[in-house]
Ligand SMILES: [Mg+2]
């Protein structure tokens, strides 16, 4: 799982056109202000343990949201963050699970842009040192994660 | 080299704060409309042959600019596209060389956002099927490139 977290003045999207893997019944157009935009690519290796990468991703998103005191989260599928993607079915399952678990905390307003659609978007990144963070998450918890090379950039 | 090419209604940036690898004398604030934004990460493997990856990157950027009939190019350093970055020196050399070679064609207006600065940015992605393209470029031309796995996503 690759995550790119952007502390955003605003994020807006509008679905334009289906790809062959388009999710049915999407929210076609939406947006948020004062949000954490979570660009997300689900990777092939994640299919070894989707529940685990979902749990780790939710923990990362919550950690960042807490640091930034952000209540608005927009999950945005972003295939371009990886060159080794999961199946579309696994991606939709993982993205939906991340959305649901964040919602269940009751601490956030959560939205999710649709998977498999070409989308317009407008984004404003705040630009402070913690406003852009990327994470690579792989299946396996604790020490195992380190071995498999967890990579964090703050720049 | 990882490239993420976004056909943009507008791209604007404003440098906010230096990192320890900040480029000196940057253009602190700039932007373009009707532009191809070229988010770029220079990778460790690129140091094996910077000239070659620069030449391949320039060719890719020109191919996309031609397809989209875009004359405005903004090169934007984006470390978050890779988990295996080159040295800062190699990155600045590669980014500057891409900028210079595109300028030398005389076909484009070219700008480059500074390396090693935290930056605000605002971006509007057009959302048509060719408006977001990513490429992974590795040293080695022609057949060698294929063997080393050149990956292109249109989605
Ligand atoms: Mg990678």
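Figures for the structure shown
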read-out: Residue within the stretch A:78-85 that is within 17 Å of residue B:125 (Cα to Cα) and free of Cβ contacts under 8 Å to residues at least 60 places away in the same chain present; value: yes
read-out: Members of the stretch B:102-133 that are outside any strand (DSSP E or B) and more than 8 Å from chain A (Cβ to nearest Cβ); value: B:102, B:103, B:104, B:105, B:106, B:107, B:108, B:113, B:114, B:115, B:130
read-out: Residue match in the stretch A:31-44 (condition: surrounded by fewer than 18 Cβ atoms within 10 Å (Cβ to Cβ), within 16 Å of the ligand (Cβ to nearest atom) and modelled with pLDDT of 95 or more); value: yes
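The values are calculated or read from the model by the stated rules, or taken from the named source; none is laboratory data. This is a predicted model, so every value here is computed, not measured. Note that we place each Cβ from the backbone using ideal geometry, even for glycine, and neighbour counts take in every protein chain shown.
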